[in-house]
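Take a look at the structure set out below.
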Amino acid sequence: MQAQSITMAQGTLTLEDIVSKTTDLPTIPAAALAVMREADSPTGSSRTVAHHIGQDQALAARVLRLANSAYYGLSRQIMDHQEAVVVLGMRCVRNLAMVAATYPWMTRPLKGYQLGPKAMWTHSFGVAVAAQQIARKTKSLNEDTAFTAGLLHNLGKVALSIWLENRLSAMMALAIRDDLTFDQVERKLLGYDHADVGAYLGEKWNLPQPLVEAMRYHHNPNGCEPRSLLVDAVHVGDFLTMSMGYGLGGDGLRYEVEPEAVERLKLQPEDVDEITSDFVTEYESYAKMFEEMDKI
Amino acid sequence: MTPTQLLVGMADIQVVKGPGCFTCLGLGSCIGFCALDPVANVAGMVHVMLPEHFKDKPNDMPGKFADTGIAALVQALEKLGASRSKLVCAMAGGAQVFKFGANVANKLDIGARNALAVDEQVKKLGLKVIARDVGGHAGRTMMLDAATGEVKVRTVSQEEKLLCRLRA
């Protein structure tokens, strides 16, 4: 069977190999990470956030363009990144910096998962918005951290994609034959899945531990010890984004949703419809922002 | 002349008299529902997201919900001269996540609930659905060419297939 040949071809590739042998791996500019840390710190200041953005001219230019996009509908043009922090606020600019830092590489196609141009971005940004909405609803989570965790949750797919090229059909055949989710197939063939690869990369980037956990456990929130509401929010956000069809690849919706995550977030199943509705409205309104990004 | 291209986004309702090509992109649990009156030459499509509208909230996008979207599509088609009894319909989408873990919460199964809610409306409005490609775990794109009545469905990993012809 074709699936067995995949096992043989990939059997010797360790998780470390995947990361070290993949060329063109994405990076997040150090300035964007510094912005995130500063904005998330209880003693964070707008001035320092502006200073960090200013350390990276490309990042500063993208943030400025996003701040001036039609999405914010400001009556006058923001002239520089310092002003963006003053007008939009430190937290808003923090999220813009994360968008500016990830958009260039997340919009590339990922053939291994049969994700066309922008599909990875569409899905990742969807989970960011959905996780943020869930955090807002539960009131027990930091909305911005939820946004970033959602944005980065599938980072591992970016690294793993090239190794799965031309193999996805056989992997799906195996999933159907053995009644498995797609991440289970990845683990069966490789010994790890895209969530593990993402967490490994996140650690290499020195991302805060809660973000690394959200990447590692986004398909298995019950496996996270102790349980994490951030992981739960990303898991449920991922479920909603898949359900709404945002950026689906060849692996489709072949994943599991753990209802306990919904319960831990103290959401009633009825709330899920409402969050879905609000999430889609918010997501669609962001389209104006990305029109600006494409001009860069 | 190239026929009008109509992209049916989330919660959208699009109708046309005469030729037109409808596309409903990225259907996960959502449902694409199309209808055509071959005599009046009127066709339309709706992209339904959720089964029921919220009773305590204003519903400014009827296409978002199955319980208001199907009726709103029919109404829009009738405005262009279609006759309800002559409408020939098809639907696609309603996919769901592969597994629902322990203590299955049916409420989370948006795809199956959407399909059920659309079926209810079909029955209530007396519509004729001649083909459906519903359920499973793959994302779909649904297309209708009003001129030929051909309804096609494409999934990410499979070839495009002809679901049905809404014209004899």
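Below are the figures for this structure:
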quantity: Tail fraction, Cα-Cα pairs, the range A:160-212, threshold 19 Å, whole percent; calculated: 35
quantity: Loop sites in the range A:108-172: trypsin sites (Lys or Arg not before Pro), DSSP, at most 16 other Cβ within 10 Å; calculated: A:LYS139
quantity: Average Cα contact separation per residue, chain A, under 8 Å, 6 or more apart, as relative contact order %; calculated: 21
quantity: The range B:33-95-the range A:224-272 distance, computed between alpha-carbon centres (Å); calculated: 29
quantity: Least to most buried among A:ASP238, B:ASP119, A:ASP24, B:ASP109 (fewest other Cβ within 10 Å first); calculated: A:ASP24, B:ASP119, B:ASP109, A:ASP238
quantity: Partner lysines for A:LYS204 [C-alpha distance under 21 Å; skip if fewer than 8 residues away on the same chain]; calculated: A:LYS21, A:LYS157
quantity: Listed residues B:THR141, B:THR68, B:THR155, most fluctuating in chain B (Gaussian network, C-alpha, under 10 Å); calculated: B:THR155
quantity: Cα gyration tensor shape for the range A:201-296, rounded if a/c is under 1.5, else prolate or oblate; calculated: oblate
quantity: Value of relative contact order over the range A:44-128, rounded to a whole percent, pairs C-alpha under 8 Å and six or more apart; calculated: 25
quantity: Whole-Å semi-axes of the protein assembly as shown's equivalent ellipsoid (Cα gyration tensor); calculated: 38, 27, 21
quantity: Cubic angstrom per residue, convex hull over Cα atoms of chain B; calculated: 110
quantity: When the convex hull of its Cα atoms is projected in every direction, mean area for the range B:71-168 (nm²); calculated: 7.4
quantity: Tensor-based shape of the range A:1-160 (alpha-carbon gyration tensor, a/c under 1.5 rounded, otherwise prolate or oblate); calculated: prolate
quantity: Exposure proxy order (Cβ contacts within 10 Å, fewest to most) of A:SER124, A:SER20, A:SER277, A:SER46; calculated: A:SER20, A:SER46, A:SER277, A:SER124
quantity: Likely footprinting exposure, B:LEU127, A:LEU211, fewest C-beta neighbours within 10 Å first; calculated: B:LEU127, A:LEU211
quantity: Mean separation of Cα contacts under 8 Å, 6 or more apart, over the residue count of the range B:4-101: relative contact order %; calculated: 32
quantity: Between 0 and 90°, nearest 10: helix A:119-138 axis offset from chain A longest Cα axis; calculated: 70
quantity: The range A:55-118 and the range A:196-221: distance between their alpha carbon centers, rounded to Å; calculated: 23
quantity: Among the listed pairs A:LYS266/B:LYS57; A:LYS266/A:LYS288; A:LYS288/B:LYS161; A:LYS118/B:LYS161, those beyond 28 Å (Cα-Cα); calculated: A:LYS266/A:LYS288; A:LYS288/B:LYS161
quantity: Equivalent ellipsoid, the range A:96-210 (semi-axes from 5 times Cα gyration tensor eigenvalues, Å); calculated: 26, 16, 14
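Every number here is computed from the coordinates shown, using simple stated rules; none is lab data. The structure presented is a predicted model; accordingly, all values stated were derived computationally and were not measured. Note that each Cβ is placed from the backbone with ideal geometry, even for glycine, and that neighbours are counted across all protein chains shown.
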